[in-house]
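Nothing in this text is a laboratory measurement; each read-out follows from the coordinates by a stated rule. The model shown is predicted, which means the values in this text are computed figures rather than measured ones. Glycine also receives a Cβ, built like all others from the backbone with ideal geometry; neighbour counts cover every protein chain displayed.
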Amino acid sequence: MTDTATPFQVRAPSPGVTVIEIAGEVTRESDLHLQDAYGRAGADTRAIILAFDGLEYMNSSGIGLLVTLLVRAQRNRQQIFACGLTDHYRQIFELTRLDEVISIHDTEAAAIAAAG
């Protein structure tokens, strides 16, 4: 099986806020890359913004990985925000009720502002 997962870029635009740039495909093969990106965010991060601007494809396993990340973040008292979702993936977040626990914003700037 070919690994189509993409390593995710991590950056801190402001103190306590970390952006994880989600790019390419998010599938079962993305697990280690997403865990690594979350680890690079650091324990002092209070808000994690998942920037989906580069997302090409996400399947149900990818949604499961997001749920796992959400649980880890909640245990660490971190908030999760999302931005850059297409209408299709916004609808999936609504159907799976992820939009009730992940704050969704149109732009990264809006997500950063909401993270405060």
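Hand me the trypsin sites (Lys or Arg not before Pro) from the stretch 60-96 located in a DSSP loop with no more than 11 other Cβ atoms within 10 Å, in residue order please.
Values: sites: 72, 75, 77, 90; in loops: 77.
Of the trypsin sites (Lys or Arg not before Pro), the ones in loops of the stretch 60-96 whose Cβ has at most 11 other Cβ atoms within 10 Å are 77.
The stretch 24-62 and the stretch 83-116 have Cα centres spaced 14 Å apart.
Beta bridges from DSSP with both residues in the chain: antiparallel share about 20 percent, rounded to the nearest 5.
If I take every Cα pair under 8 Å that is 6 or more residues apart in the chain, average their sequence separation and divide by the length, what percent do I get for the relative contact order? Write down the numbers at each step before the final one.
On the way: 189 pairs, mean separation 27.6, N = 116.
That works out to 24 percent.
Just to confirm the filter: which GluC sites (Glu not before Pro) across the stretch 1-73 are DSSP coil and have at most 11 other Cβ within 10 angstrom of their Cβ? Write out the running numbers ahead of the final one.
Details: sites: 21, 25, 29, 56; in loops: none.
Loop-located and lightly packed - none at all.
Rounded to two decimals, what is Rg over Rh for the stretch 54-116 when you use alpha-carbon atoms and the Kirkwood radius? That ratio is 0.95, to two decimals. Using a ≥ b ≥ c from the Cα gyration tensor of the stretch 9-111 (square roots of the eigenvalues), is it rounded, prolate or oblate, where a/c under 1.5 gives rounded and otherwise the larger of a/b and b/c decides, a/b for prolate? Cα axes put the stretch 9-111 in the rounded bin.
Could you work out the helix-only [θ] at 222 nm for the chain, with each DSSP H run of four or more residues adding -39,500 (n - 2.57) and the total divided by the number of residues, to the nearest 500 deg cm²/dmol? Don't skip to the answer; put the middle values down first.
On the way: 4 runs with 44 residues, N = 116.
Rounded to the nearest 500, it is -11500 deg cm²/dmol.
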